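Q: Here it is: the structure, laid out below.
The values are calculated or read from the model by the stated rules, or taken from the named source; none is laboratory data. Given the structure is predicted, the values throughout are model-derived calculations rather than measurements. Quick reminder, even Gly has a Cβ in these numbers, built from the backbone with ideal geometry, and neighbours come from all protein chains shown. Side chains included, ligands, DNA and RNA excluded: accessible areas come from the protein's heavy atoms. Shrake-Rupley method; radii C 1.70, N 1.55, O 1.52, S 1.80 Å.
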Amino acid sequence: MNIIFLGAPGAGKGTQAEKVADAYAIPTVSTGNMIREALKNGTEMGLKAKAFIESGALVPDDVVIGIIKERLAKDDCAKGFILDGFPRTIPQAEALDAMGIVIDKVVDIEVPDEAITERMSGRRVCPDCGSSFHIVTKQPKVEGICDRCGAELVQRKDDKPETVADRLKVYHDQTEPLKGYYEAAGKLSEVDGIGTVEEIFDRVKAALEA
Ligand code: AMP
């Protein structure tokens, strides 16, 4: 099954994608994680993306489309994959179609802007494996430490309040139109993103199995 998670930054796409990945035994492909990894490793692509990611803007389509094309060609994606954070613009969605990739389900996690702003201030991420936690709603077993790999959790630079407002604007202007794109293709399911991680996961499963 090839799945896309849509939703504002901080809506819970990454958290739900990880749960679906475990349940269906397919990989999560997160362009945000791949770009942050490239940035950390100082690759050419990372350097190109730095100013965009830090200001909350989108990295240019051609750069992200290149990354995703390479990633989806790997063997582990052959049985299906979950896209978290891609596509984020209509040209990116068109590029996926042009690659001949058939998307089965698009799950849109809906969370109002006010709740997003509140959530982002508490989000903590693992700089090594990309896992995401929250200081109130998704606490790691040991405070400040990643459950998956034991690294020390950090706050993303672009989760600071001043950048979150810009990212929400980018979402509404450039990414939200994808809902119409996938609705027209008969693939969109909307899921209420307010509730516990487990409650939302039940809704996501129901959407995927519908
Ligand atoms: P995320 O972790 O998905 O919130 O992504 C963090 C940042 O990475 C975004 O604010 C963008 O700067 C960049 N990014 C991630 N995915 C994309 C994409 N599909 N298109 C453009 N920029 C992206």
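Q: Taking the Cα centre of region 18-147 as the origin and placing charges on Cβ (Lys, Arg +1; Asp, Glu -1), which of Pro27, Cys146, Val136 is farthest toward the positive end of the dipole?
A: Cys146
Q: Expressed as a whole percentage, what fraction of the accessible surface of region 42-148 belongs to carbon and sulfur atoms when a 1.4 Å probe is rolled over the protein heavy atoms? If you can, show how the numbers build up before the last one.
A: Numbers: 3040 of 5580 Å².
Roughly 54 percent, rounded to a whole number.
Q: Using label points projected 7 Å from each Cα along Cα→Cβ, tell me how many nm separate Cys129 and Glu198, to one decimal.
A: According to this spin-label approximation, the distance is 2.2 nm.
Q: Sticking with this structure for a sec: Could you check the spin-label model distance between Ala98 and Glu190? Points 7 Å from the Cα along Cα→Cβ, value in nm.
A: Modelled inter-label distance: 3.1 nm.
Q: I would also like to ask the following. Which of the peptides 129-135, 68-74, 56-62 is most tightly packed, and how do the rest follow, going by the mean number of other Cβ atoms within 10 Å of each residue?
A: Working: 129-135: 18.7, 68-74: 14.7, 56-62: 16.4.
By packing density, highest mean first, the sequence is 129-135, 56-62, 68-74.
Q: Can you say what percent of the DSSP beta bridges in the chain, counting only those with both residues inside, are antiparallel? Round to 5.
A: Details: 6 of 23 bridges.
Counting DSSP beta bridges with both partners in the chain, the antiparallel share is about 25 percent.
Q: Also, quick follow-up: Return the FRET efficiency for the residue pair Phe52, Glu110: r is the Cβ-Cβ distance, R0 is 22 Å, and the value is rounded to the nearest 0.05.
A: Details: r = 26 Å, r/R0 = 1.17.
With R0 = 22 Å, the Cβ-Cβ based efficiency is 0.30.
Q: Quick one: if the Förster radius is 25 Å, what FRET efficiency do Asn41 and Asp147 give, using the C-beta to C-beta distance and rounding to 0.05?
A: Details: r = 24 Å, r/R0 = 0.94.
It comes out at approximately 0.60.
Q: While we're looking at this one, here's another question. Given a 1.4 angstrom probe, what's the average accessible area per residue across the chain, in square angstrom? Show your work: numbers first, answer last.
A: Values: 10330 Å² over 210 residues.
Accessible area per residue: 49 Å².
Q: Another one. Assign unit charges at the C-beta atoms only (+1 for Lys and Arg, -1 for Asp and Glu), then state the dipole size of region 84-210 relative to its Cα centre in Debye, rounded to the nearest 20. Display every interim value, and only then the final one.
A: Details: 17 positive and 26 negative charges, 76 e Å.
It comes to approximately 360 debye.
Q: Could you tell me the center-to-center distance, by alpha carbons, between region 37-110 and region 158-189 in angstrom?
A: 14
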